[in-house]
Amino acid sequence: LEQMKNQGLVDDLAVSNFTPAQLDVILEMGGTAPVVNQLPFSLANQLPGFIDANRERGILVQSWSPLSRLSRSDIALCREIGEAHGNKSPYQVALRFIVQSGASFSTQTRSRTHFQEDLDVFDWSLTDDEMARLRKRA
């Protein structure tokens, strides 16, 4: 990948599931720092410290499984919070949690409606209290 970058075949490098220690190995070797680390970050899998550790290294975390393993109680809490924001869906609340935690996300769907809902998380915010409630559920 380093050679491809040096040849101009790719603009940036990304990694997946790298721990802070593994990122440090890359950086200590003097290699090209990845711009993205894809992790299974979600409301149900908050990976304490990983977002900050990546940010400190100039790396963006992208959640590759943002809606996985949501429990019934997670969905109920997200539904309650979503109602306070103009009937946002529980899944929109879970995605907004990811964005406000400092990560990006990648979703997939064949449904145009779900795709549009996934994008409708950038024009509103969760309150500090709501974020705290969502963090505590972990």
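The values are calculated or read from the model by the stated rules, or taken from the named source; none is laboratory data. Quick caveat, the model's predicted, so the values are computed rather than measured. Cβ coordinates were reconstructed from backbone atoms using ideal geometry, including for glycine residues, and neighbour counts include every protein chain displayed. To get the accessible areas, we keep the full protein, side chains included, count just its heavy atoms, and leave off ligands, DNA and RNA. Shrake-Rupley method; radii C 1.70, N 1.55, O 1.52, S 1.80 Å.
Quick notes
- Selection status of SER73, open to solvent by 30 Å² or more (accessible area, probe 1.4 Å), small (Gly, Ala, Ser) and touching a residue at least 60 places away in the same chain (Cβ under 8 Å): yes
- Taken as a whole, the condition of being more than 12 Å from the chain's Cα centre (by Cα) and farther than 21 Å from SER106 by Cβ applies to GLY86.
- The range 83-122, residues that are surrounded by fewer than 20 Cβ atoms within 10 Å (Cβ to Cβ), part of a helix (DSSP H, G or I) and either of a type in the set (Lys, Arg) or touching a Pro at 6+ places or on another chain (Cβ under 9 Å) (or both): ARG112
- Tally, over the range 123-138, of residues that are within 20 Å of GLY49 (Cα to Cα) and outside any helix (DSSP H, G or I): 2
- Enumeration of residues in the range 2-14 that are open to solvent by 50 Å² or more (accessible area, probe 1.4 Å) and on the phi < 0 side of the Ramachandran plot: GLU2, GLN3, MET4, LYS5, ASN6, GLN7, LEU9, ASP11, ASP12, ALA14
- Given (1) surrounded by 16 or more Cβ atoms within 10 Å (Cβ to Cβ); (2) more than 11 Å from the chain's Cα centre (by Cα); (3) at pLDDT 95 or above, number of the condition ASN17 does not satisfy: (1)
- The residues of the range 71-100 that are closer than 22 Å to PHE50 by Cβ and among the acidic types (Asp, Glu) amount to a single one, ASP74.
- The range 77-92 residues that are touching a residue at least 60 places away in the same chain (Cβ under 8 Å) and on the phi < 0 side of the Ramachandran plot, paired with ones that are part of a loop (DSSP other than H, G, I, E, B) and open to solvent by less than 10 Å² (accessible area, probe 1.4 Å) (beta carbon under 7 Å, 6 or more apart): none
- Within the range 25-49, being farther than 30 Å from LEU77 by Cα, without any contact (Cβ under 8 Å) to a residue 24 or more places away in the chain and either open to solvent by less than 50 Å² (accessible area, probe 1.4 Å) or touching a Phe, Trp or Tyr at 6+ places or on another chain (Cβ under 6 Å) (or both) holds for one residue alone: ILE26.
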